Amino acid sequence: MKLVQLLPVGDMDGTLLRYLNDAIPRSLHVSCEILPAVLDPQPSYHPERQQYHSSEILQRMQSFLHPQTWRLLGVTSVDLYIPILKYVFGEAQMGGPCAVVSFHRLRQEFYGLDRDATLLGQRLLKEAIHELGHTLDLRHCHDHQCAMASAHAVEWIDLRESTLCESCNARVTSNAAVRA
């Protein structure tokens, strides 16, 4: 079975990693495991923005790939960005093995609201499935409920499901058949 490995990026509570470890297999029908290693995000910190460059983190994740790795998902609490955007919830290598997601802006507390661990877990799962979808060559979907729908604000993530729509599932199956 295909293996998604979860890589902690920086210090974080293992509760969210364990949640993803249990939930991702239900959405993508893959195996999942949490790696014992931790990637230090500090070399990717840019003080002028007070954020972490997600593309640099993806680059550094390459050294954690193993022959049994199907996909490597970095999970972090730090605030991510790419130069053309103010922030990103995550980033992936299109058709590649690595993706990273941040729960920094997925937390209700970031918006001055009361903590909601259940909502945070749901948002993080949706974003994880979204970024893993990009590693499967999926582009943004026009179905606003599909995990591959574009989201530039957390409210749009809340509208998504944590699964792929029928059309995106068909594309994944078709892409897999072409590669076989």
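Were the residues from Lys2 through His152 laid out at 0.36 nm apart, the gain over their Cα-Cα distance would be 51.0 nm.
If you wrap the range 67-180 in the convex hull of its Cα atoms and look at it from every side, the mean projected area works out to 7.8 nm².
Sequence-distant contacts, meaning Cα pairs under 8 Å at least 6 residues apart, place the relative contact order of the range 3-179 at 18 percent. A protection proxy built from the mean count of other Cβ atoms within 10 Å ranks the segments 105-116, 161-172, most packed first, as 161-172, 105-116.
Counting only cysteine Cβ atoms and a cutoff under 4.7 Å, the chain contains unmatched residues Cys32, Cys98, Cys168.
Helices of the chain meeting both criteria, an alpha-carbon length of 15 angstrom or more along the long axis and an average Kyte-Doolittle score not below 0.5, with helices taken as full DSSP H segments, do not occur.
For the range 91-170, the dipole from Cβ point charges (+1 on Lys and Arg, -1 on Asp and Glu) about the Cα centre works out to 140 debye, to the nearest 20. With the dipole of the range 92-180 worked out from charges on the C-beta (+1 for Lys and Arg, -1 for Asp and Glu) around the Cα centre, which of His104, Cys165, Gln93 lies farthest toward the positive end? Going by the Cα projections, it comes out as Gln93.
For the chain, the mean residue ellipticity at 222 nm estimated from helices alone is -11000 deg cm²/dmol, where every DSSP H run of n ≥ 4 contributes -39500 (n - 2.57) and the total is divided by all residues, rounded to the nearest 500. A simple spin-label model places pseudo-atoms 7 Å from Cα toward Cβ; at Arg49 and His29 they are separated by 3.7 nm. With 0.36 nm allotted per residue and the present C-alpha distance subtracted, the Arg115-Val172 stretch has 17.0 nm of extension available. Put a dot 7 Å past the Cα of Gln145, heading toward its Cβ, do the same for His66, and the two dots end up 3.9 nm apart.
None of the figures in this text is laboratory data; all of them are computed from the coordinates on show. Given the structure is predicted, the values throughout are model-derived calculations rather than measurements. Neighbour counts run over all protein chains shown; Cβ positions are idealised from the backbone, glycine included.
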